[in-house]
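Presented below is the structure to which this report refers.
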Amino acid sequence: MTARKKLVVGIAVLSAALVVAFFWALIAGHARVPIGQLFAEKYAPLIKVRAARALLGIIVGAGLSIAGLILQAVLRNPLADPYVLGVSSGAGLGAALVMLSGVAAVGSWVVPGAAFVGAVLAILLVYALARVGRAVPVYTLLLSGVIVNAVASSLLIFLAHTAIARGRGLRSVMWWLLGSLQVFEAWPVVVAGIAVGAGIVITLLFTRDLNVLSIGEEPAAHLGLRVERTKKLLFVIASLMTGAAVAVSGLIGFVGLIVPHAVRLIVGPDNKVLVPLSALAGGTFLVIADIIARTIRPFGELPIGVITAFVGGPFFIYLLRRHRGKLSR
Amino acid sequence: MKRWCLWTAVVCFVGLAMASTVRRQVAVRDRPLKGAIVSLAPSVTEILFALGLQDRLVGVTTICDYPPAAKRLPKVADFGVPDIELLYALKPELVIATELRDPEAKGVIARLGVRLLEAKQGSIEEVLAAIETIGAAAGVADAARVHVDRIRERIARATVDVPAAQRPRVYIELSSHPLSTAGQGSFIDDLIHRAGGRNIAHDAANPWTIISPDDVVASNPEIIIAAHAATGGTRYVIENRIGWSGISAVKAGRIITDLNPDLIARPGPRVADGLEALARIFAAYREEQTP
């Protein structure tokens with residue numbers, strides 16, 4: 001199958017899946033909404049709640065998948081995900097700080113704002129640590145990501161323990177760290193939608209460069225790619241998309257790792273096909289995961305991160321075994 | 001340059017260890033302090049104050065905040081988790097908890113020769129029983145009985161018998177992140193029922209439970225009580241949540257945000273205050289409904 005044909009068929013199939021998942025999300029829940037009465041006034045409030053969640057799921061799922069895809073390509077590491085470069089722990093630290101200090105009560109924008117600022121600061125720190133002259137080698141980048149993640153987590157645990165002492169906010173932090181698509185206002189959907197939408201459009205313009213970069217930096221340079229500049233730009237896009245997604249939904253794990261891999265297993269490594277299809281698949285995956293998170297218990301809901309990890313963990317092991325040869329080399 | 005950084009880091013590390021050691025140290029006693037009591041729960045602290053035992057209270061938890069005088073007492077524990085070294089140093093005669101969260105602590109406390117009293121307080125009856133047990137253990141059994149009788153009388157007066165049809169559906173929000181409420185077997189569920197309401201989360205299996213916004217909208221509560229106004233549960237926030245404008249309570253403006261959460265969430269001697277407050281809210285609702 002040619003790349004073009006793959007793209008057309010893939011988009012048709014995955015768009016259909018996304019639409020089905022979206023409508024399924026509107027119907028599913030502890031309170032049943034009959035399909036025929038989807039637009040009845042009686043159910044309007046419920047449909048609004050569910051539609052907002054599903055939309056956020058599509059945005060966050062697509063954003064995290066594309067961010068993961070970019071990082072896997074640029075870092076040339078199959079285990080890379082949107083959180084390897086410290087975004088998650090930076091955002092987590094920012095969110096935990098405002099939740100545990102009580103500042104979060106000021107307004108609904110405080111936690112997302114603090115998480116986003118934390119994410120950006122963490123990325124800047126990782127970047128500064130990794131820089132060697134004007135270049136940013138992949139190895140030092142990964143290592144500084146690991147270190148910043150470790151130090152930020154230790155600070156987070158310190159904060160959490162002082163919070164046990166004050167008896168507040170710890171549940172909020174735990175909840176946030178596992179991620180959730182609970183959304184109460186329109187603005188998080190709009191803001192994240194714009195950030196992720198713009199990120200995906202820009203990524204689509206760089207699919208050729210992504211293809212070239214995944215061969216290796218040296219060959220890419222020989223092919224005339226301005227490697228460092230392209231890398232920087234792609235890092236910025238991946239980080240901003242991740243930051244926006246994490247700010248509105250917390251740390252939903254595994255999506256950004258498994259979705260690009262799963263799509264790659266089916267359609268092959270061409271980023272021209274991978275980028276649009278991963279965005280669609282990521283959105284669909286997260287909407288379905290959220291349906292499970294909302295309905296698996298007879299009452300209440302689970303953090304969606306529990307579901308994505310449950311599905312993603314085994315898949316991760318599968319990938320690890322599949323890539324074993326490559327990793328040990 | 002690099003060497004300087006390293007040395008500074010080492011000095012900071014050791015300095016931090018020294019500073020926190022000095023600040024936390026307390027002299028060790030060799031035998032129990034006669035009559036001294038340590039409380040491991042805010043509700044226990046409230047009970048001790050209510051029984052006039054505050055002078056014997058030598059240590060409380062980090063979250064004990066009522067009455068205000070409790071905040072000035074030495075903090076020797078997190079909720080249900082005593083700092084064993086501080087207990088060793090203080091050697092009170094009696095340690096009172098609702099439940100020990102740290103099972104190992106029990107053995108350690110016993111070895112210290114300190115008496116441990118666990119007084120479970122999951123329902124109104126258990127609270128009243130706890131007050132009597134604590135009173136008896138501290139040697140003020142008569143005062144405790146009088147106190148309990150007084151609370152029991154107020155509870156009986158505030159408890160109403162209303163047919164199910166007239167009971168408003170009530171959603172009590174304890175936190176907005178995650179959205180949580182009180183389910184079956186909780187102190188709050190008990191209070192709502194006695195005061196004449198119907199808890200929308202009565203079917204939830206856990207006393208403290210996460211609730212989906214979906215479930216709140218679907219169960220269409222007639223009264224919303226946001227018991228976390230201080231942490232962002234304001235009327236404006238609740239009214240403007242996506243899809244919530246269709247909820248009866250929001251349409252009718254029955255969102256209560258000025259109820260002190262400790263009155264209903266903390267199973268202490270102020271239980272009658274909490275019950276009376278809820279009963280007033282529900283009575284006002286019934287009055288509104290009768291034409």
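Just so it is clear, none of the values below were taken in a lab; they were calculated from the coordinates. In this text, all values refer to a predicted model and were calculated from it rather than measured experimentally. Positions of Cβ are backbone-derived with ideal geometry, glycine not excepted, and every protein chain shown enters the neighbour counts.
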With region A:1-102 reduced to its Cα atoms and the Debye formula applied, log10 I(q)/I(0) at q = 0.11, 0.18, 0.24 1/Å amounts to -0.60, -1.00, -1.16
Filtered hits (lysines, Cα-Cα < 30 Å from residue B:71, offset >= 8 within chain) -> B:34, B:91, B:106, B:120
Most fluctuating of A:86, A:36, A:300 in the GNM of chain A (C-alpha, under 10 Å) is A:36
Note, region B:142-153: 3J(HN,Hα) by Karplus (6.51, -1.76, 1.60, θ = phi - 60°), whole Hz, Gly/Pro = x, goes 5, 4, 5, 4, 4, 4, 5, 4, 5, 5, 4, 4
Relative contact order in percent for chain B (Cα pairs under 8 Å, 6+ apart) equals 15
Chain B, Gaussian network, Cα under 10 Å: of B:171, B:236, B:88, the residue fluctuating most is B:236
So, over other residues within a Cβ distance under 11 Å of residue A:186, counting Lys, Arg +1 and Asp, Glu -1, the net charge is +1
Quick numbers on chain B, Rg and Dmax over C-alpha atoms in Å, give 23.0, 83
The summed charge of the residue B:91 Cβ neighbourhood (under 15 Å; Lys/Arg +1, Asp/Glu -1) stands at +2
Per residue, the convex hull enclosing the Cα atoms of region A:43-171 spans a volume in Å³ of 131
Bounding extents of region A:226-329 in its principal axis frame from Cα atoms, largest first in Å, are 54, 32, 24
As straight-line cross-link partners of residue B:75, the qualifying aspartates and glutamates (C-alpha separation under 14 Å, not fewer than 8 residues apart within one chain) are B:65, B:83, B:85
Once Lys and Arg are counted +1 and Asp and Glu -1 for all other residues with Cβ under 12 Å from that of residue B:40, the total becomes -2
For region B:28-152, averaging the sequence separation of alpha carbon pairs under 8 Å that lie six or more residues apart and dividing by its residue count, the contact order in percent is 24
Between the residues B:107, A:122, B:60, the Cα farthest towards the positive end of the dipole of the protein assembly as shown, that dipole coming from +1 and -1 charges on the beta-carbon of Lys, Arg, Asp and Glu, is from A:122
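How big is the antiparallel share of DSSP beta bridges in the protein assembly as shown, given as a percent to the nearest 5?
Rounded to the nearest five, the antiparallel share is 30 percent.
How much of the DSSP bridge set in region B:45-190 is antiparallel, in percent, rounded to the nearest 5?
40
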If the chain between residue B:33 and residue B:142 were fully extended at 0.36 nm per residue, the gain over the current Cα-Cα distance would be 36.9 nm
Whole-Hz Karplus couplings 3J(HN,Hα) for region B:34-45, θ = phi - 60° and coefficients 6.51, -1.76, 1.60, Gly and Pro as x, run 4, x, 6, 10, 10, 9, 10, 8, x, 5, 5, 4
Cα-Cα pairs in the protein assembly as shown separated by more than 32 Å, as a whole percent of all pairs, come to 57
Under 5 Å from the placed amide H of residue B:35, counting only residues 5+ away or on other chains, we find B:93
As straight-line cross-link partners of residue A:231, the qualifying lysines (C-alpha separation under 20 Å, not fewer than 8 residues apart within one chain) are A:272
Percent relative contact order for region B:148-291, counting Cα pairs under 8 Å at least six residues apart, stands at 28
